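Structure first, then comments.
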Amino acid sequence: RVPAAAVLGRIGGERAVRFLIELLSEKPQPGNEHYANWNTRAAVVTALGEIGDPTATDAVISVLLRKSPSDFLKTQYAAAHALDKLGWEPGVDRVSAFYWAAKFKWEKCVELGSLAFEPVVLLLDEPGQDLKIDAAVCLGQLGDRRAIKPLVKLRKTAGAFGGGEDIDEALRKLGWKG
């Protein structure tokens, strides 16, 4: 499916766009589990971005907003870059918060305040020490006290990957006195 999506992205056209959007809306069934594969979704949104047809914007946004912890980073990153190619412009809303988090633009997330809590907190479950620390620092700057519980959880594992001081600072900014 991934090579087919890439070819369709190069060929383009209305039929290719419709087919790719249908792939994104498919639900996994026995025998077609590939539709649920993050790699396929990332390839499809990348192809839609390459085609550049703005009618694909809503389908790409649906991938951006998907909250599957097993593939958040992989698919959202591809979706954010596809939105750029589709000419989509971020505003001050939930979709924009997911967009900026997927691009690791922490200052933009901070500007959005609590709107950015959900996508940034999801990044705490992604692999990568630096990403977790950056997300933790951002959560501290957001000032949203809902971040305390996930940051405390992260703090308990900080010894395994470092960054405990940054997590503690984020928690202090949120008023935690643990």
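Values as computed for the structure displayed
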{"item": "Nearby lysines by direct alpha-carbon distance to Lys153 (threshold 22 angstrom, same-chain neighbours under 8 apart not counted)", "result": "Lys67, Lys132, Lys173, Lys177"}
{"item": "Whole-number percent relative contact order across the chain, with pairs defined as alpha carbons under 8 Å at least 6 apart", "result": "15"}
{"item": "Under 11 Å, Cβ to Cβ, from Glu165 - net charge with Lys/Arg +1 and Asp/Glu -1", "result": "-1"}
{"item": "Using θ = phi - 60° and Karplus 6.51 cos²θ - 1.76 cosθ + 1.60, couplings along the stretch 145-158 (whole Hz; Gly, Pro as x)", "result": "5, 4, 6, 4, 4, x, 6, 5, 4, 5, 4, 5, 9, 4"}
{"item": "Relative contact order (%) - criterion: Cα under 8 Å, at least six apart; region: the stretch 72-150", "result": "27"}
{"item": "Net charge over other residues, Cβ less than 13 angstrom from the Cβ of Arg145 (K, R count +1; D, E count -1)", "result": "+4"}
{"item": "Long pairs among Lys85/Lys156; Lys85/Lys149; Lys108/Lys156, criterion Cα-Cα beyond 30 Å", "result": "Lys85/Lys156; Lys85/Lys149"}
{"item": "The stretch 91-114 versus the stretch 132-149: alpha-carbon centroid distance in Å", "result": "13"}
{"item": "Heavy-atom accessible surface of the chain: percent carbon and sulfur, 1.4 Å", "result": "53"}
{"item": "Nearest-ten-degree value, helix 72-85 long axis tilted from longest Cα axis of the chain", "result": "60"}
{"item": "Per-peptide average of other Cβ atoms within 10 Å, ordering 115-127, 132-144, 41-53, 80-92 highest first", "result": "41-53, 132-144, 115-127, 80-92"}
{"item": "Cα-based radius of gyration of the chain once divided by 2.2 N^0.38 Å, which approximates compact folds", "result": "1.13"}
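The values are calculated or read from the model by the stated rules, or taken from the named source; none is laboratory data. In this text the structure is predicted, and so the values were computed from the model without any measurement. Glycine gets a Cβ as well: all are built from the backbone with ideal geometry, and neighbour counts include every protein chain shown. Side chains included, ligands, DNA and RNA excluded: accessible areas come from the protein's heavy atoms. Shrake-Rupley method; radii C 1.70, N 1.55, O 1.52, S 1.80 Å.
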